[in-house]
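In what follows, a structure is listed as structure tokens, so that the remarks can point back to it.
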Amino acid sequence: MDRSTQYKCILVTGGAGFIGSNFIRYLFEKIQYEGIVVNVDKLTYAGNLDNLIDIDKQFGGKHYFFEHVDICDYTAIDTLFSNYRPDCVIHFAAESHVDRSIHGPKDFIHANIIGTFNLLEAARKWWEGAFDSCRFHHISTDEVYGSLGDSGYFYETTPYDPRSPYSASKASSDHLVMAYFHTYRLPVTISNCSNNYGPYQFPEKLIPLMILNMLEGKPLPVYGDGKNVRDWLYVEDHCSGVWLVVNEGKVGQTYNIGGENEWHNIDLVHKLCEIVASKTGKSDDYYKRLITFVKDRPGHDRRYAINCDKIKQELGWKQSVTFDEGLEKTVDWYLHNEEWIQRIKTGKYLEWIEVNYKKR
């Protein structure tokens, strides 16, 4: 049963980040959601209201509200629940970069575990007696499952085996969410996704980093031998899967959302070199000569691959964008959004937001 008209107010955490901002855009542009969306974001280095400036101008003050709040501040979260009375929480907010978690794990433990706990506690308090009409959806990652060999897939039943502080903190938050379902009957669902790519992604992740380095003639750093395998999911397909789980998924269940699209890192970089070359007039070899193999990072998982039969068979979800189409769209977006890139790289986007965000 489609419950989309039932949710009057959706609280989206991390809504100024890459996936969160794409999800909010998906709600208004694809679903044409007519309720209230509250975007809750601390605005760390990867949170950027520039991603949603047009959404704010069109829907701000009526259907869209931004709240500059840290989910680790329980008092602030409790106040948000009191003011907006959300009946749906979609929890994207997380510290999510593996390399950063290796060098500074404390922020990951704090944000991903304590922040999730605060949201669960607020939902349990404010939804008491109304669980049947509410939903708490938690976004997780395939990295909680650990590492695969040359064959096999991650299933929803695969035992957790996190290998980095990041994946361990996400595994902890997943367990906490399910504990609130079993202990308090809080109406939760979880989705574990593979690597997302697409527009508005902060250029620390592989695909945008490679594209931007190519455009500037900088080295293209590839860990180890480049044979690590990742499953790639276009961000809009991820958003459609999340929305389907939120509306039609079974309470207390986990759903894997994957691209079913495995690539060795080095092969993906070669593919990007060819696409960027075709759009800039340079040769493939010009960009491929920039590839530089660097020392592998500690605990680097060899292969991820998600089986997403469950969401396909139970809910009818499927990917709508092929990898070739998705990469073309992504490269084109970065080529045509130079101002966004420059604001990100110079750190001036906060100044730009201060001037532009309030102009409705």
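Each reported figure results from applying straightforward, stated rules to the coordinates on display, with no laboratory input. The structure presented is a predicted model; accordingly, all values stated were derived computationally and were not measured. Here Cβ is always computed from backbone atoms with ideal geometry, including for glycine, and neighbour counts include all displayed protein chains.
Length gained on full extension, S283 to Q32: 86.1 nm, using 0.36 nm per residue less the C-alpha separation.
Around the amide H of F136, modelled in the peptide plane, lie the amide H atoms of V89, V188, T189, all under 5 Å away and 5 or more residues distant in sequence or on another chain. In this structure the amide hydrogen of N192, modeled in the peptide plane, comes within under 5 Å of the amide hydrogens of S140, Y255, N256, I257, none closer than 5 places in sequence on its chain.
Structure note, pairs K205/K345; K205/K318; K227/K295; K218/K288; K205/K271: Cα-Cα distances above 20 angstrom occur for K205/K318. Backbone phi angles across region 70-75, fed through the Karplus curve with coefficients 6.51, -1.76 and 1.60 (θ = phi - 60°), yield HN-Hα couplings of 8, 5, 7, 9, 5, 4 Hz in residue order; Gly and Pro are listed as x. With K and R counted +1 and D and E -1, the other residues having a Cβ less than 12 Å from that of V69 yield a net charge of -4. Cβ-Cβ distance of K250 and L209, R₀ of 35 Å, FRET efficiency by 1/(1 + (r/R0)^6): the value works out to about 0.40.
Note on Rg and Dmax of the Cα atoms in Å: of the candidates [x] 26.4, 95; [y] 19.9, 63; [z] 22.7, 76, the value calculated from this structure sits at [y].
Distance from the Cα centroid of region 99-145 to that of region 218-233 is 29 Å (rounded to whole angstrom).
Quick check on packing: order 285-298, 127-140 by the mean number of other C-beta atoms within 10 Å, highest mean leading.
Descending packing order for the listed peptides: 127-140, 285-298.
Dipole magnitude for the chain: computed about the Cα centre from +1 point charges on Lys and Arg Cβ and -1 point charges on Asp and Glu Cβ, it is near 440 debye.
A cut-off under 10 angstrom between Cβ atoms defines the neighbours of G224, and their net charge, with Lys, Arg +1 and Asp, Glu -1, is +2. Taking the DSSP beta bridges with both ends in the chain, the antiparallel portion is around 5 percent.
Here the gap between T157 and D309, fully extended at 0.36 nm per residue and compared with their Cα-Cα distance, gives a gain of 53.5 nm. For the residue pairs K8/K170; K8/K250; K279/K312, the alpha carbons lie more than 24 Å apart in K8/K170; K279/K312.
Placing a label point 7 Å from the Cα of E339 along the Cα-to-Cβ line, the residues of region 36-70 whose backbone N sits under 15 Å from it are 50-55, 57.
Counting only DSSP beta bridges with both residues in region 169-299, the antiparallel share comes to about 20 percent.
Placing +1 on the Cβ of every Lys and Arg and -1 on the Cβ of every Asp and Glu, with no other charges, gives region 1-140 a dipole of roughly 200 debye about its Cα centre. The residues neighbouring N192, those whose beta-carbon lies less than 10 Å from its own, together hold a net charge of -3 under the Lys/Arg +1, Asp/Glu -1 convention. Under a 5 Å amide H cut-off, with hydrogens placed 1.01 Å from N, C9 pairs with I36, D87, C88 among residues at least 5 apart or on other chains.
Treating r as the C-beta distance of H68 and I291 and R0 as 30 Å, the FRET efficiency rounds to 0.15.
The antiparallel fraction among DSSP beta bridges confined to region 210-360 stands at about 40%. Given R0 = 51 Å, the distance between the Cβ atoms of D54 and D150 translates into a calculated FRET efficiency of 0.70. Highest average first, the peptides 247-253, 150-156 ordered by how many other beta carbon atoms sit within 10 Å of their residues are 247-253, 150-156.
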